[in-house]
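Following: one structure in structure tokens, then a few remarks.
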Amino acid sequence: MDVMQMVHQYSVEEADLPGGPILAYRARGDEGLPVIFIHGYSMALDCWDRVFDRLPAGYRGYAYDLRGFGRSGRAQTYTYTLEDHVQDLFRFMDAMAIGQAVLIGHSLGANIAQMAVTFGPQRVRALVIANGRSRSLPAPDPIAARVEQRLKDYGSREQNRKIFARRTPDYFDRRNVTADEIDRFVEIAAEADTEALRQTLQALYTCPVIGQAEFADYKSPVLVISGEADNVTPFATVLPIRDLLPQAEFVMLPGCGHSPIWEKPDEWSKVVYDFLDRSI
């Protein structure tokens, strides 16, 4: 199976959101508490492949592509702020007749999930922040020159593919992935809409911080899970979540980088799904 076949190995369904994009999603499980998986920047629902099917009985899982990413809708009229992504999440929940769900967000998805808690705490039954920095912290570099250059360099699919050929290896501890797997994720990233890539990255660097008071109404269980060798969101940028959500439990997985969901799926699944089983 070649890389492009791997990218499209699953048939997916579509949710046509009123007034918004069509979101591609995959679901599993018949009945149970909904669990929604939100992917990271430049990724797609495929990044959850190694942990999604391990979701235990008693849960109904949904993994979807953010607007402009993967197979989801894109249009010249769309914008790609973090608020847009949060509103899509809630409208996706409405389309699936989900009143309340567990949110599991990786990286960018963890930023979206944290913001969702402040917008609608009653809709989040539990929160898993995977390799995501605390929203109480300012961006690491306020639109530094290298970020500005990257925003300018996005363009054609081939231009974007070259950017991700350089950047994607940083998402992993290379000891845990093969060259073919890196190529797979480069191709997934290159499928994203250029404006989605550009505007979402800019939003990550310009979105205002969220203070403790904005999380005050959220009292449900929280798990924060990270990789020991994560150079994208080092643990020092994750730990301040405890000031926002003092009920949070913290787990660091040894021997993996920014993507334990792919690098160490057995260990990640055990920690996360055990947390759900004992906390809910």
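The values are calculated or read from the model by the stated rules, or taken from the named source; none is laboratory data. The model shown is predicted, which means the values in this text are computed figures rather than measured ones. All Cβ positions, glycine included, derive from the backbone under ideal geometry; neighbour counts span all protein chains shown.
Is it the case that the range 155-174 has a residue that's outside any helix (DSSP H, G or I), more than 25 Å from Glu228 (Cα to Cα) and at pLDDT 95 or above?
yes
Here's a check for you: in the range 15-63, which residue that is among the acidic types (Asp, Glu) and crowded, with 16+ Cβ neighbours inside 10 Å is farthest from Arg167 (Cα to Cα)?
Only one residue tops the list, namely Asp49.
Against the definition (surrounded by fewer than 24 Cβ atoms within 10 Å (Cβ to Cβ), at positive phi and not polar (S, T, N, Q)), how does Ala97 come out, yes or no?
yes
Can you find a residue in the range 56-69 that is over 26 Å from Thr168 (Cβ atoms), in a loop (DSSP other than H, G, I, E, B) and among the hydrophobic types (A, V, I, L, M, F, W, C)?
yes
Which one of these is free of Cβ contacts under 8 Å to residues at least 12 places away in the same chain and either surrounded by 14 or more Cβ atoms within 10 Å (Cβ to Cβ) or under 18 Å from Val232 (Cα atoms) (or both): Arg198, Arg166, Arg133?
Exactly one residue qualifies, and that residue is Arg166.
Any chance you could count how many residues in the range 99-117 are in a loop (DSSP other than H, G, I, E, B) and under 13 Å from the mean Cα position of the chain (by Cα)?
1
If you go through the range 200-232 one residue at a time, how many are in a loop (DSSP other than H, G, I, E, B), polar (S, T, N, Q) and in contact with a helix residue (DSSP H, G or I) (Cβ under 7 Å, 6 or more places away or on another chain)?
So the answer is 1.
Report, by residue number, each residue of the range 171-183 that is farther than 17 Å from Leu253 by Cα, surrounded by fewer than 15 Cβ atoms within 10 Å (Cβ to Cβ) and either in contact (Cβ under 8 Å) with a residue 60 or more places away in the chain or of a type outside the set (Gly, Ala, Ser) (or both).
Those that are farther than 17 Å from Leu253 by Cα, surrounded by fewer than 15 Cβ atoms within 10 Å (Cβ to Cβ) and either in contact (Cβ under 8 Å) with a residue 60 or more places away in the chain or of a type outside the set (Gly, Ala, Ser) (or both): Thr178, Asp180.
Scan the range 212-240 for residues that are of a type outside the set (A, V, I, L, M, F, W, C) and closer than 21 Å to Lys270 by Cα and jot them down.
Correct list: Ser220, Pro221, Ser226, Gly227, Glu228, Asp230.
Taking the range 35-61, which residues are in contact with a Gly (Cβ under 8 Å, 6 or more places away or on another chain) and farther than 16 Å from Gly132 by Cβ?
The answer is Val35, Ala44, Leu45, Asp46, Phe52, Leu55, Ala57, Gly58, Tyr59, Arg60, Gly61.
Which of the residues spanning the range 72-98 are in a loop (DSSP other than H, G, I, E, B), touching a strand residue (DSSP E or B) at 6+ places or on another chain (Cβ under 8 Å) and small (Gly, Ala, Ser)?
The answer is Ser72, Gly73.
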